[in-house]
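Colleague: Starting off with a structure, shown below.
The values are calculated or read from the model by the stated rules, or taken from the named source; none is laboratory data. Worth saying up front: this structure is predicted, and the values here are computed from it rather than measured. For neighbour counting, all protein chains shown are included, and Cβ atoms are generated from backbone atoms with ideal geometry for every residue, glycine included.
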Amino acid sequence: MELIIRKIGNSAGLALPAPLLRELGLSVGQTLLVERAEQGTLTLQPKKVRKKYSAAELNAQCNPRAPMPSDLAAWDALRPAGSEAL
């Protein structure tokens, strides 16, 4: 398959045909990592997307009856100092 580098504003880009995107499981807006190999070869690889959790999902994983870790309990017991005391 041949693709032509096209001018896009002040940049240049490739237009990937929709059938190729479907075949590769890619979508518009997806981030690709580009690596340059020897002799001018380029490798494109989809960037792995980390799941984004909501606060509700993260809080659901917490045990409200779990004891506070000792380092946090010690921090919580400290008296205010400096501008914190104002």
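Colleague: Working carefully through the options 72, 33, 44, 78, find the one that is in contact with a Lys or Arg (Cβ under 6 Å, 6 or more places away or on another chain) and either at pLDDT 90 or above or farther than 23 Å from residue 13 by Cβ (or both).
Modeller: On the way: 72 fails: in contact with a Lys or Arg (Cβ under 6 Å, 6 or more places away or on another chain); 44 fails: in contact with a Lys or Arg (Cβ under 6 Å, 6 or more places away or on another chain); 78 fails: in contact with a Lys or Arg (Cβ under 6 Å, 6 or more places away or on another chain).
That would be 33, the only listed residue that is in contact with a Lys or Arg (Cβ under 6 Å, 6 or more places away or on another chain) and either at pLDDT 90 or above or farther than 23 Å from residue 13 by Cβ (or both).
Colleague: Which one of these does residue 35 not meet: (1) more than 21 Å from the chain's Cα centre (by Cα); (2) exposed (fewer than 10 other Cβ atoms within 10 Å of the Cβ); (3) of a type in the set (D, E, K, R)?
Modeller: Residue 35 satisfies all of (1) more than 21 Å from the chain's Cα centre (by Cα); (2) exposed (fewer than 10 other Cβ atoms within 10 Å of the Cβ); (3) of a type in the set (D, E, K, R) except (1).
Colleague: Okay, moving on. Condition first: farther than 19 Å from residue 46 by Cα and of a type in the set (Asp, Glu). Now tell me which residues in the range 1-35 satisfy that.
Modeller: 2
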